[in-house]
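The values are calculated or read from the model by the stated rules, or taken from the named source; none is laboratory data. Note that this is a predicted model, so its numbers are computed, not measured. Cβ: placed from backbone, ideal geometry, glycine included. Neighbour counts: every protein chain shown. Protein only, heavy atoms only, side chains kept; ligands, DNA and RNA dropped before computing areas. Shrake-Rupley method; radii C 1.70, N 1.55, O 1.52, S 1.80 Å.
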Amino acid sequence: MSLVPEDPNRVLLFDTTLRDGEQSPGISLNAAEKLEIAQQLARLGVDIIEAGFPIASPGDFEAVRTIAREVQGPVICALARANAADIDRAWEAIQDAERPRIHTFLSTSDIHIQHQLQSTREDVKGLARASVAQAKALCEDVEFSPMDATRSEPAFTAEVLRIALEEGATTINIPDTVGYATPDEYAEFLTELYELVPGLRDVVVSTHCHDDLGLAVANSLAGVRAGARQIECAVNGIGERAGNASLEELIMLLHTRRDRLGYTTGAVTTEIARTSRLVSRLTGYSVQPNKAIVGKNAFAHESGIHQDGVLKARETYEIMDARSVGLDANSIVLGKHSGRAALRQALEDLGYKIDGSQLKLAFERFKEIADRKKQVTAMDLEALVTDELRADESQAGYALEWFEVEASNQRPPFAKVAVRTPDDSVVEGTFNGDGPVDAIFRAINSATKIDARLREFRVDAVTGGQDALGEVSVVVELGSPEDAVKHDTPGVLSGKRVTGAAQAVAPDIIHAAAIAYVRALGNAVGKAQAAATDAELAQTP
Ligand code: KIV
Ligand code: ZN
């Protein structure tokens, strides 16, 4: 079975938000959040979803397996290093997918072979053969990546690729792992590989470019022009270090400049904005205002001359229509007197189907917001629904019950909080902090007896205006060496650092901060407990 598209100009979109993207510092998505993103990626029309790295932890495994079982349409891919245990685990996770793919990788650069693998070129060739053969015996669709390809010797990379093709690899991905290549160099490298390995013409060649020098999108395009027909990329460009090539930029580049480039994708461009917002919200990684395609200023005109021009004819200063990326959702607004049916309809227009108790809760939240804001926009609605869905998740059983805070510039702010704990009791704590938010966070630590440390704190307005909803993102860390001695929280005794990230939305930012902190703390405790269980399982004979 050939996986090469019939249309020679069709470029496959391989989304790695849930794998490479999830490797960004501070991001820790739970299985439900990963599934939500995967379902949205399917709506966006990506061809392949790299759902995760199943061997990394039981949590990663479960998330990949759930996505494989529940998401229809795209190929569901799992990553595996070039060894038997990784490949078996990857297959176990994706075998129920409609269209499963195993992606195995192995470094080919001498820097990696000597220092990271502490191995030899001969061993690398042997491992490449064995791992692709093993993957192929399990799964028809196998992708192979020579990691750090762009810093590898072309002749050696070609030798390894020949082996991968002999063993049945159907996609060959050429990673610019450290984001070092320039577009002309990347294209030349691919051209040389095509010359050295003619068999590459019979499979899909893929790009995987990191953005360390800000060239990921340019390099991916150069790769496509050199013959690649799959692009690996991530929503909002998230990923290791400076990130991956940005999915939305590549889609709109190929779409908007089809006149010159001639390539097509299967993307439903109107789903772009929503996908970007969802990923931003769930990862806690905000999108810079001037980010191409999805930044809040990407379609805004500040100068009078530009505004005037656009009013006369949009094309004077706009090369894309905001509606083509789904940014017109803001025309959906509800007023104070809107009822439950109108709310349900507006949510459906945004792509959220909720009913029963979820709709009841969403309606209660909507009324709270509508009491304070004249108009509730699509962004507000989306923020409150995603917040409601987050509240449904366990956060290891911790939830904010209430808080009080007294703040003035005359004396240290004082906070009192009550938190519901996993055993369903309500514990209280107090603290005098440096500021009201600090006082609340420390009061939460005191109530739960968990000495979480704040690593990141960000406040964003969901929409503009004085009455905007506040969205707070928090990252906490548990398990510094000192904590290991102090803690009696199960799983936190290991001394291993774990982070927990969470967001919350509320009309009042101090309230949102308190909810987000308890959620982040609960997520971190959940991760620490999972790590402790994994460690115990690893010791079980
Ligand atoms: O950057 C990289 O080389 C990777 C591989 C696993 C494809 O992410
Ligand atoms: Zn990568």
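Here are the numbers:
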item	result
Selection status of T275, out of contact with any Lys or Arg (no Cβ under 7 Å at 6 or more places or on another chain) and of a type in the set (S, T, N, Q)	yes
Residue list for segment 156-199, filter: open to solvent by 10 Å² or more (accessible area, probe 1.4 Å), assigned to a loop (DSSP other than H, G, I, E, B) and touching an Asp or Glu at 6+ places or on another chain (Cβ under 9 Å)	G168, T170, T177, V178, Y180
Which listed residue is among the hydroxyl-bearing types (S, T, Y), more than 16 Å from ligand 2 (Cβ to nearest atom), in contact (Cβ under 8 Å) with a residue 24 or more places away in the chain and closer than 15 Å to I238 by Cβ, from S28, S57, S24	S28
Long-range neighbours under 9 Å by Cβ, at least six apart or interchain, first residue assigned to a helix (DSSP H, G or I) within segment 258-277, second basic (K, R) and open to solvent by 30 Å² or more (accessible area, probe 1.4 Å)	L261/R225; T270/R323; E271/R43; R274/R43; T275/R43
Filter result for the condition that a residue is surrounded by 24 or more Cβ atoms within 10 Å (Cβ to Cβ) and either closer than 18 Å to A158 by Cβ or modelled with pLDDT of 95 or more (or both), over A85, A128	A128
Per-region count, segment 140-155, residues open to solvent by less than 50 Å² (accessible area, probe 1.4 Å) and more than 14 Å from L117 (Cβ to Cβ)	8
Selection from segment 98-125 of residues that are crowded, with 24+ Cβ neighbours inside 10 Å and either modelled with pLDDT under 95 or assigned to a strand (DSSP E or B) (or both)	R101, I102, H103, T104, L106, S107
Unique match (being open to solvent by less than 10 Å² (accessible area, probe 1.4 Å), more than 15 Å from ligand 2 (Cβ to nearest atom) and assigned by TED's automatic domain parsing to the domain that holds N173) among A234, A228	A228
Condition met for R69 (within 16 Å of ligand 1 (Cβ to nearest atom) and either part of a loop (DSSP other than H, G, I, E, B) or without any contact (Cβ under 8 Å) to a residue 40 or more places away in the chain (or both))	no
Flag if L221 is part of a helix (DSSP H, G or I), among the hydrophobic types (A, V, I, L, M, F, W, C) and either touching a Gly at 6+ places or on another chain (Cβ under 8 Å) or without any contact (Cβ under 8 Å) to a residue 24 or more places away in the chain (or both)	no
Members of segment 237-255 found to be within 21 Å of F53 (Cβ to Cβ), more than 11 Å from ligand 1 (Cβ to nearest atom) and open to solvent by 20 Å² or more (accessible area, probe 1.4 Å), listed by number	A242
Verdict on V268 being among the β-branched types (V, I, T) and buried (at least 18 other Cβ atoms within 10 Å of the Cβ)	no
Pair list, Cβ under 9 Å, 6 or more apart: segment 301-317 residue open to solvent by 50 Å² or more (accessible area, probe 1.4 Å), other residue of a type in the set (V, I, T) and not in a loop (DSSP other than H, G, I, E, B)	H306/T316; D308/T316; T316/V310; Y317/I305; Y317/V310
In segment 200-210, residue most open to solvent (accessible area, probe 1.4 Å) [restricted to those that are away from ligand 1 (no atom under 13 Å from the Cβ) and outside any loop (DSSP other than H, G, I, E, B)]	R201
Residue within segment 37-45 that is open to solvent by 30 Å² or more (accessible area, probe 1.4 Å), in contact (Cβ under 8 Å) with a residue 12 or more places away in the chain and within 16 Å of ligand 1 (Cβ to nearest atom) present	no
Qualifying positions in segment 1-36 - modelled with pLDDT of 95 or more, within 16 Å of ligand 1 (Cβ to nearest atom) and within 13 Å of the chain's Cα centre (by Cα)	D15, T16, T17, L18, R19, D20, G21
Single condition R260 does not satisfy, out of (1) within 16 Å of ligand 2 (Cβ to nearest atom); (2) open to solvent by 30 Å² or more (accessible area, probe 1.4 Å)	(1)
Selection status of D184, within 19 Å of L221 (Cα to Cα), touching a helix residue (DSSP H, G or I) at 6+ places or on another chain (Cβ under 9 Å), within 16 Å of ligand 2 (Cβ to nearest atom) and of a type in the set (D, E, K, R)	no
Residue within segment 81-90 that is in the same structural domain as G227 (by TED's automatic domain parsing), within 16 Å of ligand 1 (Cβ to nearest atom) and closer than 18 Å to A530 by Cβ present	yes
Of residues in segment 38-54 being touching a helix residue (DSSP H, G or I) at 6+ places or on another chain (Cβ under 6 Å) and closer than 23 Å to A216 by Cα, the one nearest to ligand 2 (Cβ to nearest atom)	F53
Any hit, segment 101-118, residues being assigned by TED's automatic domain parsing to the domain that holds V64, more than 16 Å from ligand 2 (Cβ to nearest atom) and in contact with a Pro (Cβ under 8 Å, 6 or more places away or on another chain)	no
